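The next block holds one structure in the form of C-alpha cells; read it before the comments.
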Amino acid sequence: MADRIYKNTQPVHRFHKDRSALKKSIVAFCATAVLFGLAGTPHLAVKASTKKTFIPKSEWETYKVPDPELVKHYSRNHFALTARQGGYVFKSDRKARRVRTELSCPHRFGSDEEVWFSFDAKLPDKQFSRWLLFAQFHQNSWTKTMPGNPPFSFELQENSGRVLVVKWLQVAPETPKGKRHVLASLELPGEKWHSFVGRVKFSAGQHGGGIEIWVNGTKEVDHEGVVGYPNSHTIGCMVGPYMKEPENAKKGEIFGTFEYRNVRFSKPLTGGRNKKIERI
C-alpha cells in the first residue's frame, strides 16, 4: 500500500557523461533509494505522506479530559495521560462509572475515506479487571440508544493485559449493541515503547473496507470487510485511557498512566465535530 505514496518516483538507470548531469543523477539515485526504503517501512511512509508530521499541543481537543493535571506534555508530540477514579467527563460516565482521560485529534475523516496513521505507546505493566480502550477511531452511529461507537479500537484485555485490536459493527438500527470482532490478540510487555502503524479504509457500513495494522514492524492485521457505520458522520480519533471503573476502587485511586508519542495521520484537517458536548 505504501508503494502508492511514491508512485511518481522512478529509479535512475544510467549516468551521463556531463559532470553536472552526473551530479544530478547521483542525487536522484540516492533520493530514489531512500524513498523506496521508506515505502517498505509503514511508519516512515506515514510520516513522509503527512503534511503535518505531528499534532501540536495547542491543537489537541481536551473536552474528554476531566482534570488538566491528568495530562503531562513532555514535548510537542510526547505526552502522558493518567486514568483516575472519579475521572468522569459526561453525565452518562458518572452513571455507568466510566473513567476517561482522552485527547481528541483535531483531524476528522470521511465515512468512506482511506487513512494511514501511526503512534507509539507505552502501556502500564499491570492487568485491569474491567474493559479498557487506549486508542480508538470514533463515529456517531444511527440510534438514539447508541449515539456513538468506535469502528475499531485498541484495547487491553480484562485480567490478562493482552493488547487487542477490535472491530465493531452494528447489525441493525433496532440492535443497540454492536458486534465485537477481535482481529488480533498480542502479548506486549508493559512499560516499553511499542509502535503501531495502520491503514484503514472506512466503508460507511458497506463491504469494501479494510484494516491493516503493523505492531513493532510486524503485520498483525490484514482484514477486509465492513468498517464503520452506514451514515455520513465524520470519524475522529482519540488516544488515552477510557475504561470501566473497578467496583472496589478507592476514591482518587490512580489506575494507570499511558504515554504516547509520534502521533501522525496521512490526512489533513477536514472539519469539526458534529454533536453537542454535554459535560458534567
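The values are calculated or read from the model by the stated rules, or taken from the named source; none is laboratory data. Just so it is clear, the structure is predicted and the values come from calculations on it, not from any experiment. When we count neighbours, we look across all protein chains shown, and the Cβ atoms used for this are built from the backbone with ideal geometry, even at glycine.
Just give me the residues in the range 94-136 being among the acidic types (Asp, Glu) and crowded, with 20+ Cβ neighbours inside 10 Å, in sequence order. Lay out the reasoning, then the answer.
As a first pass, look at the range 94-136 and keep what is among the acidic types (Asp, Glu): 102, 112-114, 120, 125.
Within the range 94-136, 102 is the sole residue that qualifies.
Consider residue 208 against the criteria (1) under 14 Å from residue 112 (Cβ atoms); (2) in contact (Cβ under 8 Å) with a residue 40 or more places away in the chain; (3) not hydroxyl-bearing (Ser, Thr, Tyr): it satisfies all of them except one. Which criterion is unmet?
Among (1) under 14 Å from residue 112 (Cβ atoms); (2) in contact (Cβ under 8 Å) with a residue 40 or more places away in the chain; (3) not hydroxyl-bearing (Ser, Thr, Tyr), the lone unmet condition for residue 208 is (2).
Please enumerate the residues belonging to the range 196-221 that are surrounded by fewer than 16 Cβ atoms within 10 Å (Cβ to Cβ) and within 26 Å of residue 258 (Cα to Cα).
If the condition is that a residue be surrounded by fewer than 16 Cβ atoms within 10 Å (Cβ to Cβ) and within 26 Å of residue 258 (Cα to Cα), then 216, 217, 218, 219 are the ones that fit.
Taking only the range 137-172 into account, find how many residues are under 17 Å from residue 257 (Cα atoms) and either touching a strand residue (DSSP E or B) at 6+ places or on another chain (Cβ under 6 Å) or modelled with pLDDT of 95 or more (or both).
6
Among the residues of the range 173-191, is there at least one that is surrounded by fewer than 19 Cβ atoms within 10 Å (Cβ to Cβ), modelled with pLDDT under 95 and more than 28 Å from residue 128 (Cβ to Cβ)?
yes
How many residues are within 14 Å of the chain's Cα centre (by Cα), hydrophobic (A, V, I, L, M, F, W, C) and surrounded by fewer than 21 Cβ atoms within 10 Å (Cβ to Cβ) if we restrict to the range 239-263?
Residues that pass the stated criteria total 0.
If we keep just the residues of the range 62-86 that are at pLDDT 95 or above, surrounded by fewer than 20 Cβ atoms within 10 Å (Cβ to Cβ) and among the charged types (D, E, K, R), which is farthest from residue 235 (Cα to Cα)?
69
Residue 89: in contact with an Asp or Glu (Cβ under 7 Å, 6 or more places away or on another chain), of a type outside the set (Gly, Ala, Ser) and buried (at least 20 other Cβ atoms within 10 Å of the Cβ), yes or no?
Against the criterion (in contact with an Asp or Glu (Cβ under 7 Å, 6 or more places away or on another chain), of a type outside the set (Gly, Ala, Ser) and buried (at least 20 other Cβ atoms within 10 Å of the Cβ)), residue 89 does not qualify.
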